[in-house]
Structure formats: C-alpha cells, structure tokens
Amino acid sequence: MREPGRGRPFCSASFRLASRARSLPARRVGATSFRPWTPALRVRPVVGIALKSFLTLLAIVDPVAIVPLFLAMTAGDTSAQRRRMAARAAVVAGVTLTVFAAAGDLLFALLGISIPAFRIAGGVLLFLLAVDMLMAQPSRQRTTPEETAEGVHKPDVSVFPLGIPMLAGPGSITVVIMARTSAATSLERAAVFASILVVALVSFVVLAVGGQLAHRLGQTGMNVLHRVFGLLLAAIAAQFVVDGVREAFGIGA
C-alpha cells in the first residue's frame, strides 16, 4: 500500500521535464544555425596552420640543397664533428626564426610596415628564390660564393654560414613572420612555433646523414627534390602576393 503524499518521484520528474521540453521553442539544427563546440572544431584549423607553416618553411629552408655545401665546408671533419655542427646550426636557426616570429608585430609597429605590404614584398622575395630553385642553381639570397669559400677555411661553420644565413635566411625569416601574423589564436601561434621546431629537427637529421643522402640520391635526385620544393615555393609566393594585394586594396572584402 502506497503511503499518502508519496508518489512516484522519478516518473513525475520525467513527466515534468518532458512537458517543459515540449514547451521550449524548436531550434533548427544545421551547419549554420547550430554548431556545438567540439575539440575537432578547434583542432582542425590549428592542424591546417601547422601543416601550412611546416611545409612552407621546409620548402624555403630546403636542407637537402644545403647538403653539398655543408659537405664541402666540412670536408676535413669527421662524421661526429659534422653531426655536432649540424646540431648547433639547427639550434641557431630554430632560435633565430623563433625570435623573429615572436617579434614580428613589434617590428611592424616600430618600422610602420603594414601586413599587406610585408606580404607583397615577402612574396616577391620568395618567388625570386623559387626561380633559382627551379633552375637547380644556388641562390645568392641564401649564401654567396664568397661566404661559402670563407666557410671552407673555418673550423666551425655551425653558426655562420650554416645556421645563418643558410638555414635561417631572409626567405625563412619572411615565412615565419607571415605565418605568425596569420595566426589568430594562441593555439595557432603555438602551431607556428612548433613547425619551426620540427623544421629545425628535420634540418639536423638531413645534415647529419648528408653524406649517405648524397650518395643514395646522387646529384640528379637532389636536383629533382630541389626543383619540387621550388615549384611549391613559387605557388606559395604567388599566393602571398595575391593575399597582400587583396588586403591592401580591399578586393573581395
């Protein structure tokens, strides 16, 4: 026998919730009207920024193209000495690119440079470098013959000219600054810095095994990779110029 005043609380509560839900206005669930927060919605653009920054920076650094110069400058060194110099050069390049990426906004403010103007100038610079890469010839933007000859006689080339300007040169500095200014959130900025770290690590690995890599690929294989990176870089440079012109003149806004 049921006690007076005691009903079925679970069923009663369920009935009240159902009645309240029916009284609420209906919402159309769709891609434009209702987008619940999920980790994937925030991770997806971050992954895109990271991949774009990594591929662009890897194409401009192009450690494979540096291998012949590195081997020539360290012809009298042992494999262990080459690995140590490659490690120091990767650290120097990574720190240099990180500093420029972090200080990009400050540089723009101090020099009075707008982001669209920097995109256009950077795109032109990268395109000129891409043309040299497509022709499989060393670019004077990266290093000059005089700098290479000086490096041959130096006991340690890890800082100059290997770290700067071969790995961290004008082109790579331009790329990281533009990538950093394009990052809108803290996660996207972290992705840009992570891409710098990964490219520095890849550069170290390529230089550390440069002798074996050059032996396996040969000059023809290395030139093919050089041209592929040049083609990708030319397309990226053209896109930088297009984006800069659109932002500068408000086209498509």
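A few points about this structure:
- Across region 149-207, the qualifying residues are those that are touching a Ser or Thr at 6+ places or on another chain (Cβ under 7 Å) and farther than 20 Å from Thr74 by Cα, and the one among them that is surrounded by the fewest Cβ atoms within 10 Å (Cβ to Cβ) is Phe193.
- Listed by first and then second residue, the pairs with beta-carbon distance under 9 Å, at least 6 apart or on different chains, first residue in region 50-64 and assigned to a helix (DSSP H, G or I), second among the basic types (Lys, Arg), are Ser53/Arg180.
- For beta carbons closer than 9 Å, sequence separation of 6+ or different chains, a first residue in region 146-168 that is in contact (Cβ under 8 Å) with a residue 12 or more places away in the chain and more than 11 Å from Val92 (Cα to Cα) and a second that is of a type in the set (A, V, I, L, M, F, W, C) and exposed (fewer than 15 other Cβ atoms within 10 Å of the Cβ), the qualifying pairs are Thr148/Ala72; Gly151/Ala72; Val152/Ala72; Val152/Ala75.
- Some residue of region 69-84 being in contact (Cβ under 8 Å) with a residue 40 or more places away in the chain, on the phi < 0 side of the Ramachandran plot and within 17 Å of the chain's Cα centre (by Cα): no
- Condition met for Gly230 (on the phi > 0 side of the Ramachandran plot and assigned to a helix (DSSP H, G or I)): no
- The condition of being in contact with a Pro (Cβ under 7 Å, 6 or more places away or on another chain), over 24 Å from Thr174 (Cα atoms), surrounded by 13 or more Cβ atoms within 10 Å (Cβ to Cβ) and touching a residue at least 40 places away in the same chain (Cβ under 8 Å) holds for Ala214.
- Test result for Ala130, closer than 23 Å to Gly221 by Cα, at pLDDT 95 or above and either in contact with a strand residue (DSSP E or B) (Cβ under 8 Å, 6 or more places away or on another chain) or crowded, with 19+ Cβ neighbours inside 10 Å (or both): no
- Subset of region 94-145 [closer than 23 Å to Pro63 by Cβ and among the polar types (S, T, N, Q)]: Thr96, Thr98, Gln137, Ser139, Gln141, Thr143, Thr144
The values are calculated or read from the model by the stated rules, or taken from the named source; none is laboratory data. Since this is a predicted model, take the numbers as computed values, not measurements. With ideal geometry, Cβ positions are generated from the backbone for all residues, glycine too; neighbour counts draw on all protein chains shown.
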